[in-house]
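Structure, as structure tokens:
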Amino acid sequence: MVQAALTGGIASGKSYCLARLAALGVPTIDADKLARLAVVPGSPGLTAVVERFGPGILRGDGTLDRSALARLIFADRVARADLEAIVHPDVYRRIRDWFAQLPLTTAAAVADIPLLFETGHEYDFDAVIVAACSPEEQLRRLMTRDGLTEADARARLAAQFPIDEKVRRARYVIRTDGNYAETDAEIQQVYERLLNL
């Protein structure tokens, strides 16, 4: 089985690419969803996050206030590193377990991991796919999609490696600047290459 990672920058089109690969029959998993599981109420992850950041990052119902936490971690590199040290080991364990339980006949499977390069895990995979668009397009999408101010959007972009650096390190690149048909054609090419690895 080819174990591939899909990554890219925030708002670079990873989710679309992952959905299209899944539609082609490729088993997929999303690290962002796993990160949420790592901090559900009652989990050791949430307990550790509250110990580090204080009870102010909890909502009244005991769930994590992701907006409050985001304001803290995108303004403070040390805080962000502390959060990642709590959440990432659990996420990567879940990804390894997921690959291990797939049927032996699986030709290729893809894990969507936004911070793959930032966490130094690119060598855990047979192939790395990067979904990429221009930094200007990322900024526009982030402000439109998440309703962020330009300053907040730039802070989130600055928390990740530049997209050009990710492209340079990738085995395969899917450009998402164009229309859907163009992106779909690139996804199809990457899909075929994964099956032929």
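Filter region 161-183 for residues that are charged (D, E, K, R) and surrounded by 17 or more Cβ atoms within 10 Å (Cβ to Cβ) and give the result. Within region 161-183, LYS166, ARG171 meet the criteria. Any residue at all in region 39-56 that is in the same structural domain as LEU139 (by TED's automatic domain parsing), under 17 Å from the mean Cα position of the chain (by Cα) and β-branched (Val, Ile, Thr)? Within region 39-56, not a single residue is in the same structural domain as LEU139 (by TED's automatic domain parsing), under 17 Å from the mean Cα position of the chain (by Cα) and β-branched (Val, Ile, Thr).
Test SER67 against the criterion of being polar (S, T, N, Q), within 28 Å of ALA131 (Cα to Cα) and assigned by TED's automatic domain parsing to the domain that holds PRO162, and give yes or no. Answer is no for this residue.
Checked against the criterion of being outside the structural domain of ALA11 (by TED's automatic domain parsing), surrounded by 12 or more Cβ atoms within 10 Å (Cβ to Cβ), at pLDDT below 95 and among the acidic types (Asp, Glu), the candidates GLU84, GLU118 yield just one match: GLU84.
Conditions (1) of a type outside the set (S, T, N, Q); (2) in the same structural domain as ASP177 (by TED's automatic domain parsing); (3) surrounded by fewer than 21 Cβ atoms within 10 Å (Cβ to Cβ); (4) at pLDDT below 95, marked per residue:
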{"site": "ALA127", "(1), (2), (3), (4)": "yes, yes, yes, no"}
{"site": "SER134", "(1), (2), (3), (4)": "no, yes, yes, yes"}
{"site": "GLU137", "(1), (2), (3), (4)": "yes, yes, yes, yes"}
{"site": "ALA155", "(1), (2), (3), (4)": "yes, yes, yes, yes"}
{"site": "ALA159", "(1), (2), (3), (4)": "yes, yes, yes, yes"}
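Scanning region 37-63 for residues that are crowded, with 16+ Cβ neighbours inside 10 Å and part of a helix (DSSP H, G or I), we see that the one that is modelled with the lowest pLDDT is ILE57. Any residue at all in region 110-133 that is more than 22 Å from ALA75 (Cβ to Cβ) and more than 19 Å from the chain's Cα centre (by Cα)? No.
Taken over region 1-29, the residue count meeting the criterion of being surrounded by fewer than 24 Cβ atoms within 10 Å (Cβ to Cβ) and of a type in the set (S, T, N, Q) is 3.
The values are calculated or read from the model by the stated rules, or taken from the named source; none is laboratory data. Bear in mind the structure is a predicted one, so any value in this text is a computation, not a measurement. Backbone-built Cβ (ideal geometry, glycine too); neighbour counts: all protein chains shown.
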